[in-house]
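To start, the structure under review is shown below, and the notes come after it.
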Amino acid sequence: MKIKALIAASACAALLAGCTNNPYTGEREAGKAGVYGGGGAAAGALIGAATSSKKDRGKGALIGAVVGGAAGAGYGYYADRQEQRLRQELTGTGVQVVRNGDNLQLIMPGNITFASSSSDISSSFYPTLNSLVKVFKEFDKNGIDIVGHTDSTGSLELNMRLSQERATSVASYLTGQGVSGARISSRGVGPSQPIASNDTSAGKAQNRRVEINLRPL
């Protein structure tokens, strides 16, 4: 029973440590770092207790909770800060910032990144890419996966080539501005992953896009 209480207390402490003030409402709330830290603390406490002798289970649970909480909150806090910086830098650019657990996704519509049927980056998009370079250099603990997408107009061969060339163009620009190439991968998937119907012009415009997925290294 004592061990269960310790696990609960460790998780609560991690959650409280991850609490922040919502800048829009002023209310105190648990950030993602706190959620990850609480889960890590609970998992660490369980492992610590399970791997210790009966006499030392309480001590083992405490050590496991501390280690697990720190590990869980570490990347969660890092991703929280990076997400905040990306949203600051990309406000008004047309680029969407999406959070999926530990991963961050940047969705860049084709109409703001490339001319029609071209893999040459639009001149108006360079300032946005420079903002990404700034954040990627500041937060350098992510892998950067660049994926090009197209709508279904034209042949599959053409769309596969175009989507790959667009992803490569973005990757080349990032590395040319000093982002480590070891962090970057690029690929084209053509029309195989639509996010809207290809039966309408609006849907096709959404499908023509480049996505950057940021994940833990």
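For this structure, a couple of remarks:
- Burial ordering of Glu157, Glu211, fewest other beta-carbon atoms within 10 Å first: Glu157, Glu211
- 3J(HN,Hα) along the range 149-161: 10, 10, 7, 8, 5, x, 6, 4, 4, 4, 5, 5, 5 Hz, from the Karplus curve 6.51 cos²θ - 1.76 cosθ + 1.60 with θ = phi - 60°, whole Hz, x for Gly and Pro.
- Going from the fewest other Cβ atoms within 10 Å to the most, the residues Leu217, Leu162 appear in the order Leu217, Leu162.
- Under the Karplus curve 6.51 cos²θ - 1.76 cosθ + 1.60, θ = phi - 60°, whole-Hz ³J(HN,Hα) for the range 162-176, x wherever Gly or Pro sits: 5, 5, 5, 5, 5, 4, 5, 4, 5, 4, 5, 5, 4, 5, x
No value in this document is a laboratory result; all are computed from the given coordinates. Bear in mind the structure is a predicted one, so any value in this text is a computation, not a measurement. Ideal geometry is used to build each Cβ from the backbone, glycine not excepted, and the neighbour counts take in all protein chains shown.
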